[in-house]
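Below is one structure, written out as structure tokens, with a few remarks after it.
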Amino acid sequence: VSDADDYLERTFMSPASGRARKLILGWMKDAGLRTWVDQMGNVHGRTEGMNPSAGALLIGSHLDTVVDAGMFDGSLGIVCAVSALKVMKHSGKLGNLKRPIEVIAFSDEEGVRFQSTFLGSAALAGILPVSTLHIADKRAVTVKDALKENSFEATEESLLLLKYDPKAVWGYIEVHIEQGPVLESLGLPLGVVNGIAGQTRLKVTVRGLQGHAGTVPMSMRQDPMTAAAELIILLESLCKNPENFIYYDENCNGFTKESLSGSLVCTVGEISSWPGASNVIPGQVVFTVDLRTMENMVRETILSELSHRMYQICDRRSVYCIIDRKHDAEAVMCDPGLTSQLKSASYSAFKRVAGDIQNEVPILMSGAGHDAMALSHLSKVGMLFVRCRGGISHSPAEHVLDDDVWVAGLAVLAFLESNL
């Protein structure tokens, strides 16, 4: 289900996302769930079980994709959850659940269109600022405009009303492809997540002096492109070898020396120049920075050092530099109880498929952001990772074995059966 003919693209409130909502609603109804779509475009399917007033177990993932995406990122978690509940319907167990179960297909996790991730899940968690409605995409269409184009209310009041009552939620679990190579290297289809790295996204704007490429002497240039190149190399150097940039005192109690670089990754994913002609020194260059690590204090330390050194470079090159923090997500630790239950459910799925096995279900950390990060502000969270070939994700080469999809679905089923 794509907005493009030759590759997979399904961004927030695009025509393809509308078709996806209808498809998912059909699957949910077929699984015996009561369905609705909220004012942020999230798709819900719910069964009340024996005690409708009990705290609900939420299960979800996202229906949106990156550009030129793989078909498992996000979608797999929705399919596994709906499929497991459909099995329970056919086995007559759906009404025997001791608490409500609600599957949610979140409308936006990737943040591709508006550079603001978790639009869907953050709204339900009550952490999405109302100012988000006024963020614009590259065509100057705001979030509010996009929602209205799809017949959603899109007011500050409707956004505030989306927040779930924490007392009405027991917990949240999410199935997702690993997006990394660890499970494949271990030869195992499933792993349980113990934590998700924190993330900051920056938009860096470098402004210089636009001029003719052939007439401005090199010594007189205020070139934002070469300045941006130096800034990007600085980012790479800082994140590869932070110990060369940051003084570490062994007597400090903030974080360990190993944690400074253990999970730290930094990426420049977008860069653009204006006016963007081959014979013109650009007047402005804009690029993005994505910085992630498991420890929030490490992330803030790196960001502080990075910003300080970036401003120094811009001053030396006589260009103007603006660093905007576009997105922040704190690192999240998964709930030990849910983690233990998911581990048991995974082991049960292994046994059902392969008989008695000796392997332990591995415990992993996630370097990628997930809707569970937003939902952690609402309730305890747990995550299950599924093996993907080569660890490749955000690419058409993304691939999960059919048997691994089966095992993941069986693990969700086993988890649900523990709530009978």
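Residues being modelled with pLDDT of 95 or more, of a type in the set (D, E, K, R) and surrounded by 20 or more Cβ atoms within 10 Å (Cβ to Cβ): count how many of those fall in region 194-249.
Residues meeting the conditions: 1.
Let's see how each residue does on (1) outside the structural domain of Leu58 (by the TED database); (2) modelled with pLDDT of 95 or more; (3) open to solvent by less than 40 Å² (accessible area, probe 1.4 Å):
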{"site": "Gln312", "(1), (2), (3)": "yes, yes, no"}
{"site": "Cys321", "(1), (2), (3)": "yes, yes, yes"}
{"site": "Val353", "(1), (2), (3)": "no, no, no"}
{"site": "Asp356", "(1), (2), (3)": "no, no, no"}
{"site": "Ala372", "(1), (2), (3)": "no, yes, yes"}
{"site": "Leu378", "(1), (2), (3)": "no, yes, yes"}
{"site": "Val400", "(1), (2), (3)": "no, yes, yes"}
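Report those strands (runs of 3 or more DSSP E) wholly inside region 260-338 carrying at least 3 residues which are closer than 24 Å to Glu174 by Cβ and touching a residue at least 12 places away in the same chain (Cβ under 8 Å). Let's see the steps before the verdict.
Details: elements: 265-267, 271-274, 284-293, 320-329.
Those strands (runs of 3 or more DSSP E) span 284-293, 320-329.
Look through region 1-15, keep the residues that are surrounded by fewer than 19 Cβ atoms within 10 Å (Cβ to Cβ) and of a type in the set (Gly, Ala, Ser), and return whichever of them is farthest from Leu76 (Cα to Cα).
Ala4
Would you confirm, using the coordinates I've provided, whether Gly45 is outside any loop (DSSP other than H, G, I, E, B) and open to solvent by less than 10 Å² (accessible area, probe 1.4 Å)? Lay out the reasoning, then the answer.
Values: outside any loop (DSSP other than H, G, I, E, B): yes; open to solvent by less than 10 Å² (accessible area, probe 1.4 Å): yes.
Judged against the criteria, Gly45 is a match.
Does Gly32 satisfy the condition of being assigned to a helix (DSSP H, G or I), open to solvent by 30 Å² or more (accessible area, probe 1.4 Å) and not aromatic (Phe, Trp, Tyr)?
Numbers: assigned to a helix (DSSP H, G or I): no; open to solvent by 30 Å² or more (accessible area, probe 1.4 Å): yes; not aromatic (Phe, Trp, Tyr): yes.
It is false that Gly32 is assigned to a helix (DSSP H, G or I), open to solvent by 30 Å² or more (accessible area, probe 1.4 Å) and not aromatic (Phe, Trp, Tyr).
Conditions tested, residue by residue: (1) under 17 Å from Ala81 (Cβ atoms); (2) in a helix (DSSP H, G or I).
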residue: Lys343; (1), (2): no, yes
residue: Val353; (1), (2): no, yes
residue: Met365; (1), (2): no, no
residue: Ala368; (1), (2): no, no
residue: Ala372; (1), (2): yes, yes
residue: Leu378; (1), (2): no, no
residue: Pro396; (1), (2): no, no
residue: Val400; (1), (2): yes, no
residue: Asp403; (1), (2): no, yes
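Conditions (1) touching a residue at least 60 places away in the same chain (Cβ under 8 Å); (2) among the small types (Gly, Ala, Ser); (3) closer than 30 Å to Leu264 by Cβ, marked per residue:
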| position | (1), (2), (3) |
| --- | --- |
| Thr142 | no, no, no |
| Thr155 | no, no, no |
| Pro166 | yes, no, no |
| Glu174 | yes, no, yes |
| Glu178 | yes, no, yes |
| Glu184 | yes, no, yes |
| Leu209 | yes, no, no |
| Thr215 | no, no, no |
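Could you check region 153-207 and list, in sequence order, the residues that are of a type in the set (D, E, K, R) and part of a strand (DSSP E or B)?
Pass one, region 153-207, residues of a type in the set (D, E, K, R): 153, 156-157, 163, 165, 167, 174, 178, 184, 201, 203, 207.
Across region 153-207, the qualifying residues are Glu174, Arg201, Lys203, Arg207.
Looking only at region 323-339, which residues are modelled with pLDDT of 95 or more and either in contact with an Asp or Glu (Cβ under 7 Å, 6 or more places away or on another chain) or farther than 30 Å from Gln284 by Cα (or both)?
Cys334, Asp335, Pro336, Gly337, Leu338, Thr339
Answer yes or no as to whether Thr132 is open to solvent by less than 40 Å² (accessible area, probe 1.4 Å), among the polar types (S, T, N, Q) and part of a helix (DSSP H, G or I). Outline the logic, then answer.
On the way: open to solvent by less than 40 Å² (accessible area, probe 1.4 Å): yes; among the polar types (S, T, N, Q): yes; part of a helix (DSSP H, G or I): yes.
Taking the combined requirement at face value, the residue satisfies it.
Of the numbered conditions (1) in contact with an Asp or Glu (Cβ under 8 Å, 6 or more places away or on another chain); (2) farther than 13 Å from Leu124 by Cβ, His44 fails exactly one; give the number of that condition.
(2)
The values are calculated or read from the model by the stated rules, or taken from the named source; none is laboratory data. Note that this is a predicted model, so its numbers are computed, not measured. In this analysis, Cβ positions are derived from the backbone assuming ideal geometry, glycine residues included, and neighbour counts consider all displayed protein chains. Note: areas computed on protein heavy atoms with side chains; ligands, DNA, RNA excluded. Shrake-Rupley method; radii C 1.70, N 1.55, O 1.52, S 1.80 Å.
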